[in-house]
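Peer 1: Okay, here's the structure, questions in a sec.
The values are calculated or read from the model by the stated rules, or taken from the named source; none is laboratory data. The model shown is predicted, which means the values in this text are computed figures rather than measured ones. When we count neighbours, we look across all protein chains shown, and the Cβ atoms used for this are built from the backbone with ideal geometry, even at glycine.
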Amino acid sequence: MKSNRLAFTLVELLVVIAIIGLLVGLLLPAVQAARESARRIQCQNNLRQVGIATLNFENARVGLPPRRQTVTPFQGWGTFILPYLEQTSISNMYDLNKNFYDAANAPLIRVKLPVFVCTSAPSTNREITVIDQMNNSTGAIGAAGDYFAANSVDAVWWPAAQKAAAADTAECPALADNARRRLAEITDGTSSTLLVAEMAGRPDNWIKGRRADSNAALQWPNWWGPWASYQSSIYRTWSADGLTVNGGACTVNCNNSWGIYSFHPSGANVLFVDGSVHMLAIGLDREIFASIVTESGGEIIPGGAF
């Protein structure tokens, strides 16, 4: 007599479970890669919007927005381009005649603006308490931004023959303090001069993909972090482990205290003055790193360098 088997044997069940586990193990990296690819593209789109807004500002105001306003009322570059980012509701209420952390602006700078945030960056702990430097007191709470302009580029590692010339250009990034720089002043070319780059993850200090136990070493987290604040930094190189500033040739994704930093595994997104967006790869040559920051250094950047 024939008997109909109505259940799996234990061995068959274990084989099926093993096969399912193997398939999940094969698919999970692909799913994670697809998600990161989508986040990277969104980050690039954010920077393109910032680039278009900046060029529209330049066209309307005959000059690029100030990198920061270092005399009262204190402002960062992000506040100047709000009207050109389709942020009408905020820009109509925002008062440029008052400090970015003033009580009148406080509710507005706490609003998280997706255009200033990379979706690959951690989503928790993204609010920052601003310190009123004039009165040494706690000011408003600002929503973090992940994109920074360059203040300058540190050239301590340049060859001696270049240091004299470097001193004249190292302090000359695309955006100027307290002034609107004309595009004609960017003699290195708008397609070769960096405007804004990722420096993501604040107010936490991130080093080579790991969050530091303390934020004590983080450069001015109270004024360099909220999207409405200064949002600019000296770009510096780091040791290979990301712990020693100016200690080596690490240029991208080393330490988010000084320099270009993202949560993309292969590099960091940057915006050039002409509105183009590129990804600077980990391991970018430090001379090229310095050259793209200065707007009038006269450096020649080889094709395919970034």
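Peer 1: For region 44-82, which positions are of a type in the set (A, V, I, L, M, F, W, C) and over 27 Å from ALA104 (Cα atoms)? Walk me through it before giving the result.
Peer 2: Pass one, region 44-82, residues of a type in the set (A, V, I, L, M, F, W, C): 47, 50, 52-53, 55, 57, 60, 62, 64, 71, 74, 77, 80-82.
Result: LEU47, ILE52, LEU55, VAL62.
Peer 1: Given the criteria in contact (Cβ under 8 Å) with a residue 24 or more places away in the chain and over 24 Å from PHE306 (Cβ atoms), does ASP213 qualify?
Peer 2: It is false that ASP213 is in contact (Cβ under 8 Å) with a residue 24 or more places away in the chain and over 24 Å from PHE306 (Cβ atoms).
Peer 1: Now for a different question. Would you point out which residue out of ALA197, ALA249, ALA216, ALA228 is touching a Ser or Thr at 6+ places or on another chain (Cβ under 7 Å), closer than 29 Å to ALA106 by Cα and of a type in the set (Gly, Ala, Ser)? So that I can check it myself, show each step before the final result.
Peer 2: Numbers: ALA197 fails: touching a Ser or Thr at 6+ places or on another chain (Cβ under 7 Å); ALA249 fails: closer than 29 Å to ALA106 by Cα; ALA216 fails: touching a Ser or Thr at 6+ places or on another chain (Cβ under 7 Å).
The match here is ALA228.
Peer 1: Follow-up. In region 247-306, what residues are farther than 26 Å from GLU58 by Cα, of a type in the set (Ser, Thr, Tyr) and buried (at least 19 other Cβ atoms within 10 Å of the Cβ)?
Peer 2: THR251, SER257, TYR261, SER262
Peer 1: Looking only at region 130-138, decide whether some residue is modelled with pLDDT under 95, farther than 29 Å from GLY298 by Cα, aliphatic (A, V, I, L, M) and surrounded by fewer than 22 Cβ atoms within 10 Å (Cβ to Cβ). Explain how you work it out, then say what you get.
Peer 2: Taking region 130-138 as the starting set, the residues that turn out to be modelled with pLDDT under 95 are 130-138.
Cutting the leftovers down to farther than 29 Å from GLY298 by Cα gives us 130-138.
Right, trim to aliphatic (A, V, I, L, M) and you get 130-131, 134.
With the extra rule that they be surrounded by fewer than 22 Cβ atoms within 10 Å (Cβ to Cβ), the set shrinks to 131, 134.
The answer is yes, given that some residue of region 130-138 is modelled with pLDDT under 95, farther than 29 Å from GLY298 by Cα, aliphatic (A, V, I, L, M) and surrounded by fewer than 22 Cβ atoms within 10 Å (Cβ to Cβ).
Peer 1: Continuing with the same structure: Output the residue which, of all residues in region 208-231 that are of a type in the set (S, T, N, Q) and either buried (at least 21 other Cβ atoms within 10 Å of the Cβ) or within 15 Å of the chain's Cα centre (by Cα) (or both), is farthest from ARG126 (Cα to Cα).
Peer 2: So the residue we want is GLN219.
Peer 1: Quick one: would you say GLU287 is acidic (Asp, Glu) and in contact with a helix residue (DSSP H, G or I) (Cβ under 7 Å, 6 or more places away or on another chain)?
Peer 2: So GLU287 does not fit the description; no.
Peer 1: Considering each of ALA290, ALA268 in turn, give the residue that is of a type in the set (Gly, Ala, Ser), outside any loop (DSSP other than H, G, I, E, B), modelled with pLDDT of 90 or more and under 18 Å from the mean Cα position of the chain (by Cα).
Peer 2: ALA268
Peer 1: Any idea which of ASN56, ASN99 is more than 25 Å from SER266 (Cβ to Cβ), touching a strand residue (DSSP E or B) at 6+ places or on another chain (Cβ under 9 Å) and not aromatic (Phe, Trp, Tyr)?
Peer 2: The conditions single out ASN99.
Peer 1: Which ones in region 237-281 are at positive phi and in contact with a helix residue (DSSP H, G or I) (Cβ under 7 Å, 6 or more places away or on another chain)?
Peer 2: If the condition is that a residue be at positive phi and in contact with a helix residue (DSSP H, G or I) (Cβ under 7 Å, 6 or more places away or on another chain), then GLY275 is the only one that fits.
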